[in-house]
1. Mind counting the residues in the stretch 31-60 that are closer than 12 Å to residue 239 by Cα, under 20 Å from the mean Cα position of the chain (by Cα) and open to solvent by 10 Å² or more (accessible area, probe 1.4 Å)?
2. Regarding the stretch 226-237, can at least one residue be identified that is assigned to a loop (DSSP other than H, G, I, E, B), within 17 Å of the chain's Cα centre (by Cα) and touching a residue at least 12 places away in the same chain (Cβ under 8 Å)?
3. So which residues in the stretch 148-167 are part of a loop (DSSP other than H, G, I, E, B) and over 15 Å from residue 206 (Cβ atoms), if there are any at all?
4. Starting from residues that are under 29 Å from residue 39 (Cβ atoms) and part of a strand (DSSP E or B), keep the ones in the stretch 113-147 and report whichever is least open to solvent (accessible area, probe 1.4 Å).
5. Can you tell me which residue in the stretch 345-363 is nearest to residue 395 (Cα to Cα), limited to those that are open to solvent by less than 20 Å² (accessible area, probe 1.4 Å) and in a strand (DSSP E or B)?
6. Restricting attention to the stretch 64-104, which residues are in contact (Cβ under 8 Å) with a residue 12 or more places away in the chain and open to solvent by 80 Å² or more (accessible area, probe 1.4 Å)?
7. For the structure I just gave you, tell me whether residue 225 is polar (S, T, N, Q), under 25 Å from residue 351 (Cα atoms) and surrounded by fewer than 22 Cβ atoms within 10 Å (Cβ to Cβ).
Amino acid sequence: MKQIFLLLLSVIAWSTIGAQTTLHLTLHSAVEQEAAPIVVELAKYKMVTSARVEIDGQEVACQLDDLNRDGRLDELCFLADLKANQLRRATVTLYPTGAPRPYPARTYAEIVLRNPKVKEKNRQDIYLSTISIDRRTKDPYHLLHHHGMAFENELIALRIYMDQRQTIDLYGKYRQGLELQATQFYTSPEQKAEGYGDDVLWVGNTFGLGALRGWNGHEPTMLDSVEQRTQRIVSQGPVRTVVEMEDEGWTIRPGMQPVNMVIRYTLYAGHRDIDVDVRFSRDMTGVELSTGIINVKQSTEYSDHRGTRGCWGTDWPATDTINWKRETVGLGIHIPQRYRVSEMPANKDNYAYVVKPVGSRLHYCLTYTSANESYGFHSVEAWFDYLKAWTLRQQSPVIVSRK
């Protein structure tokens, strides 16, 4: 659930007619919000198998998810556009029978295993929903196609490396739409000619876009000492995709007891920002970790010194400078105050933060743009203006209350 949105279920008016439950909600935001995610937790209601959502009398797409994989749907989510100080009314009807209502897909996720019989890099055909790799696997980076799970909405697409870096790498689109199932992050020359996007960032050993790492007091450390890594697709559909990276038995520093960590990435339809929610198997208060964004070559930095940092720069996305062109990207990260320890000076690799969990939790948000986008940002000034507006939205929760 996006941290910037607040759902006051305790004051929601609801009624039961027969077996169905109806919630009457009022939505309000102090600032303009486009496609604001609204999440309804379902634990307090009887079994829910389908739902219908209307905003001001018009049906909108909704999604039901089983996030803890216990066989029962945990959350309903939908999107709402709100002007500043506008009140909108939503009606949510929950049903104990039937299947989820069908809506066009606006998100997608995949984990693909390499098939040695298939030579084309964009036609691999062994699809997985989850995979776990033991520490004895010497080269997990090359085991999986596109080196780890990938996920997208109409605006952006990303992949997460299945190795000790767990870096988030970026795909840039020219037009809006879902592309990963067609390109598999390896766009062919024919697809490029048709207008498909491609990899737009070289990440190396940097944070890329917001990888979470250890911290040894003076620099980030990789997740080298992990007993087992797991990547899984939790959900995908018309409203959002949720994927997880799990590290079991991570020894963050020598002498520390191993801990289990699950990093959940949530990408909503119509958004170019990603929620990162981290949970640990025990209280980690006071343990320092690190995250940040890559210092793209010759990039210009932005920081409000209150948790939002970004850059705009241009670099080759690969070592092959013949078949690739230089790519311009804008990156951004926002870390709420309660999780921040310090903002580190930029170095040749990263714009870094030292962060800390609160209890067993840690939360931050990521965003990016590719200058290739026909619908995006094409100057450093425009990108930094977006980061300022994005920060304001992060700090201005949508209030959901009873009618």
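The values are calculated or read from the model by the stated rules, or taken from the named source; none is laboratory data. Since this is a predicted model, take the numbers as computed values, not measurements. So basically every Cβ, Gly included, is an ideal-geometry build from the backbone, and we count neighbours across all protein chains shown. Protein only, heavy atoms only, side chains kept; ligands, DNA and RNA dropped before computing areas. Shrake-Rupley method; radii C 1.70, N 1.55, O 1.52, S 1.80 Å.
1. Matching residues across the stretch 31-60 total 1.
2. Step one: of the stretch 226-237, the residues assigned to a loop (DSSP other than H, G, I, E, B) are 226-227, 236-237.
In the following step, the residues that additionally are within 17 Å of the chain's Cα centre (by Cα) were identified as 236-237.
Of the ones still in play, those that are also touching a residue at least 12 places away in the same chain (Cβ under 8 Å) are 236-237.
Looking for residues that are assigned to a loop (DSSP other than H, G, I, E, B), within 17 Å of the chain's Cα centre (by Cα) and touching a residue at least 12 places away in the same chain (Cβ under 8 Å), one finds at least one in the stretch 226-237, hence yes.
3. Start the filter on the stretch 148-167 by keeping residues that are part of a loop (DSSP other than H, G, I, E, B), which leaves 148-149, 154-156, 161-167.
Selection gives 148, 149, 154, 155, 156, 162.
4. By that ranking, first place goes to 131.
5. In this case the residue turns out to be 363.
6. The first filter runs over the stretch 64-104 and keeps only residues in contact (Cβ under 8 Å) with a residue 12 or more places away in the chain, leaving 64-67, 69, 72-101, 103-104.
The answer is 69, 72, 81, 83, 85, 87, 89, 97, 101, 104.
7. Values: polar (S, T, N, Q): yes; under 25 Å from residue 351 (Cα atoms): yes; surrounded by fewer than 22 Cβ atoms within 10 Å (Cβ to Cβ): yes.
Yes, satisfied.
Results for (1) touching a Lys or Arg at 6+ places or on another chain (Cβ under 8 Å); (2) aliphatic (A, V, I, L, M); (3) modelled with pLDDT of 95 or more, shown as yes or no for each residue.
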site	(1), (2), (3)
298	no, no, no
311	no, no, yes
318	no, yes, no
332	yes, no, yes
335	no, yes, yes
341	yes, yes, yes
347	no, no, yes
361	yes, no, yes
375	yes, no, yes
